Number of protein chains: 2
Amino acid sequence: MLYLILADSELELIPKEIWNHKSVQKTARMQQKHPSEMLLDSSLHYQAMTTLSQGDRRGRPDIVHVFLLVANESILNRENILRIIVHSRHNACITINPKTRIIKNYSRFKGLMEQLFATGVVPTTGEPLMTLKKATLDQILREIDPDTTVLFSTEGQRINPSVYLGKEKTACIIGGFPRGSFLSAITADHIVSLYPSMLPAWSVAMEVIVAYEYTMNITYDSKET
Amino acid sequence: MLYLILADSELELIPKEIWNHKSVQKTARMQQKHPSEMLLDSSLHYQAMTTLSQGDRRGRPDIVHVFLLVANESILNRENILRIIVHSRHNACITINPKTRIIKNYSRFKGLMEQLFATGVVPTTGEPLMTLKKATLDQILREIDPDTTVLFSTEGQRINPSVYLGKEKTACIIGGFPRGSFLSAITADHIVSLYPSMLPAWSVAMEVIVAYEYTMNITYDSKET
């Protein structure tokens, strides 16, 4: 089983400090919601965010969305060998049921995330597809209890995937932020660099997912033609 | 060199038949544009599209967007070994300069595509990053003149990627539509199925890109640890 953890991602509700900023008020009026019920989105709230601490990296639900589309629609997930967890600012931890089909439209995806922040689970009746709780990265890892933990970072080493993907339970930690470094303290068995420059979260995810499919002979046995 | 062609994708301007529909008029008013200058988007124009021929598969700029984010940000593209071409309804053919950074925000991406449909090139001054011309899939393939052409389809065969990715110039054709079959007539050397059920375009793209990286030893030599 491969556990993909998007760590320190920038998915959060609009913080109180900027509720009264005009760019926030404008989007709240358009969506007929209170700012406290809306996701922070740097493409909409850029001006307001200049006053926020670490404002240059926050408000990126788009990164979470593309990461989820890539991971969730993969062959590995369809074969039920992938578990996806999104860890976000303020230690919001979202667990995705492998049966979930991620909404492809970005605005609707944001609406669903806002609902998840409000209720803690979506849908609110029937089998949960996404659940939200508070958990640090360390707590998430202790709960998974993996055989190997791999952290992806440009500061890591170039290692052949067969070295770290061969275990029964592998947890891979991918940064969900647009720039800078991990904010969480992380202990890992391997720190791996896939490429000298920073790749977006979904590019790391696709490399790991396909490498795992190959290691496990899920798509093609190397001997098969 | 790997050529990825997104074929029969559903990127087009709003067709004249539905310019006067109320859902189209509403989005035109909000964006202060004429319907003829706006992309058809099934998430916004769903009701109007029920009257369109093949309306159940049209208006999917979101598929093109995620496909481009996956392909363009890949290691293969950063290493300048990938060429990306989007073929769309009405034989609109978009060529992407490998240096392009695809806009991550969906609304802004749509705005850029609308500009591309209006002017044929973006940006309008300096080095072109995206160009639009009319070309059938057949014309696109003749221009590339690949050593091997591979078509991905659930009706194809399970073939080890090393069989079809080993050539100097490989053209891979991936369907850019949400359901149904290719509309273009296509001749290919290999028809390949990666999985029994239909995968979204970006999932096929990531499988092919990473397989090509492995075949070419771009990321990891199989002997390397």
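The values are calculated or read from the model by the stated rules, or taken from the named source; none is laboratory data. Bear in mind the structure is a predicted one, so any value in this text is a computation, not a measurement. When we count neighbours, we look across all protein chains shown, and the Cβ atoms used for this are built from the backbone with ideal geometry, even at glycine. Please note that ligands, DNA and RNA were not included when accessible areas were found on the heavy atoms of the full protein model with its side chains. Shrake-Rupley method; radii C 1.70, N 1.55, O 1.52, S 1.80 Å.
A search for C-beta distances below 9 Å between a residue of the stretch B:155-182 that is among the basic types (Lys, Arg) and any residue that is outside any loop (DSSP other than H, G, I, E, B), counting only pairs 6+ apart in sequence or on different chains, returns B:158/B:192; B:167/B:148; B:169/B:2; B:169/B:3; B:169/B:144; B:169/B:148. Once the stretch A:25-38 is narrowed to residues that are open to solvent by less than 70 Å² (accessible area, probe 1.4 Å) and free of Cβ contacts under 8 Å to residues at least 60 places away in the same chain, the residue that is farthest from the chain's Cα centre (by Cα) is A:25. Scanning the stretch B:63-114 for residues that are within 25 Å of residue B:46 (Cβ to Cβ) and touching a Pro at 6+ places or on another chain (Cβ under 9 Å) turns up B:63, B:66, B:67, B:69, B:104, B:106, B:109, B:110, B:113. Restrict the check to the stretch A:157-170 and report whether at least one residue is surrounded by 20 or more Cβ atoms within 10 Å (Cβ to Cβ), away from chain B (no Cβ under 13 Å) and either in contact with a strand residue (DSSP E or B) (Cβ under 6 Å, 6 or more places away or on another chain) or β-branched (Val, Ile, Thr) (or both). Within the stretch A:157-170 (the criterion being surrounded by 20 or more Cβ atoms within 10 Å (Cβ to Cβ), away from chain B (no Cβ under 13 Å) and either in contact with a strand residue (DSSP E or B) (Cβ under 6 Å, 6 or more places away or on another chain) or β-branched (Val, Ile, Thr) (or both)), the answer is yes, since at least one residue qualifies. Across the stretch B:57-106, the qualifying residues are those that are under 11 Å from the mean Cα position of the chain (by Cα) and of a type in the set (Ser, Thr, Tyr), and the one among them that is least open to solvent (accessible area, probe 1.4 Å) is B:88.
Are any residues in the stretch B:107-129 within 24 Å of residue A:178 (Cα to Cα), of a type outside the set (Lys, Arg) and open to solvent by less than 70 Å² (accessible area, probe 1.4 Å), and if so, which ones? Matches in the stretch B:107-129: B:109, B:111, B:112, B:113, B:129. If you go through the stretch B:187-208 and pick out every residue that is over 14 Å from residue B:150 (Cα atoms) and open to solvent by 30 Å² or more (accessible area, probe 1.4 Å), you end up with 4. For the stretch B:118-133, the criterion of being at the interface with chain A (Cβ under 10 Å from one of its Cβ atoms), of a type in the set (A, V, I, L, M, F, W, C) and outside any helix (DSSP H, G or I) is met by no residue. Here residue B:103 meets the list (1) out of contact with any Asp or Glu (no Cβ under 7 Å at 6 or more places or on another chain); (2) within 13 Å of chain A (Cβ to nearest Cβ); (3) assigned to a helix (DSSP H, G or I) almost entirely, failing just condition (3). Test residue B:204 against the criterion of being within 22 Å of residue A:163 (Cα to Cα), of a type outside the set (Ser, Thr, Tyr) and assigned to a helix (DSSP H, G or I), and give yes or no. So residue B:204 fails the test.
Considering only residues in the stretch B:171-185 that are touching a Ser or Thr at 6+ places or on another chain (Cβ under 9 Å) and either open to solvent by 50 Å² or more (accessible area, probe 1.4 Å) or part of a loop (DSSP other than H, G, I, E, B) (or both), the one that is farthest from residue B:144 (Cα to Cα) turns out to be B:178. The set of residues in the stretch A:39-56 being more than 18 Å from the chain's Cα centre (by Cα) and among the acidic types (Asp, Glu) consists of A:56 alone.
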